[in-house]
Amino acid sequence: DLPLNISRETLQQNKILKVIRKNLVKKCLELFFEIAENKEDYNKFYEAFSKNLKLGIHEDSQNRTKIAELLRYHSTKSGDELTSLKDYVTRMKEGQNDIFYITGESKKAVENSPFLEKL
């Protein structure tokens, strides 16, 4: 039973709500991974909810590694498609130990960066 006449802080510390939250997060992550199996469906999902996933990396330290597997990135070799870190690592050249990244206002601005000339 959940107590009804209490403050929000007290309710947030309630053990029952913690269990409910944990189970909801677990079920959501399972569903996200199911969606990720179909690339076309996951692209639609990622387009709509990528900001939420990125926010989840910062806010949910317990599930950070699982959420990180759901993130997608642009790379110089993937063209317009997004790639996962796992896929990127499998495509790395033999002897490549580092991953370099660049950030910018837009993909076009980053593509015109002088730092990418050697690639």
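Worth a mention:
- Degrees between helix 15-36 axis and first principal axis of the chain (Cα, 0 to 90, nearest 10): 30
- Around the amide H of TYR73, modelled in the peptide plane, lie the amide H atoms of THR83, SER84, all under 5 Å away and 5 or more residues distant in sequence or on another chain.
- Approximate spin-label separation GLU37-TYR88, in nm, with each point projected 7 Å along Cα-to-Cβ: 2.6
- Rolling a 1.4 angstrom probe over the stretch 8-76 with all protein chains present gives an accessible area of which 54% lies on carbon and sulfur atoms.
- At the listed q of 0.14, 0.18, 0.19, 0.22 Å⁻¹, the Debye profile of the chain, built from one uniform point per Cα, gives log10 I(q)/I(0) equal to -0.77, -1.07, -1.15, -1.36.
- Cβ-Cβ FRET estimate between GLU30 and VAL110, R0 fixed at 25 Å, reported to 0.05: 0.15
- Given 10 as the ceiling on other Cβ atoms within 10 Å, longest exposed-site-free region of the chain for GluC sites (Glu not before Pro) in DSSP loops: 38-93
- Label-zone membership for the stretch 41-62, site LEU17, 7 angstrom Cα→C-beta point, backbone N under 12 Å: none
- Tilt relative to the chain, helix 39-59 - C-alpha long axis, 0 to 90 degrees, to 10: 70
- Contour excess over end-to-end distance, with Cα ends at LYS44 and GLU69 and 0.36 nm allotted per residue: 7.3 nm
- Rolling a 1.4 Å probe over the heavy atoms of the protein chains gives the stretch 52-119 an accessible area of 87 Å² per residue.
The values are calculated or read from the model by the stated rules, or taken from the named source; none is laboratory data. Predicted model, so just to flag it, every value in this text is computed and none were measured. In this analysis, Cβ positions are derived from the backbone assuming ideal geometry, glycine residues included, and neighbour counts consider all displayed protein chains. To get the accessible areas, we keep the full protein, side chains included, count just its heavy atoms, and leave off ligands, DNA and RNA. Shrake-Rupley method; radii C 1.70, N 1.55, O 1.52, S 1.80 Å.
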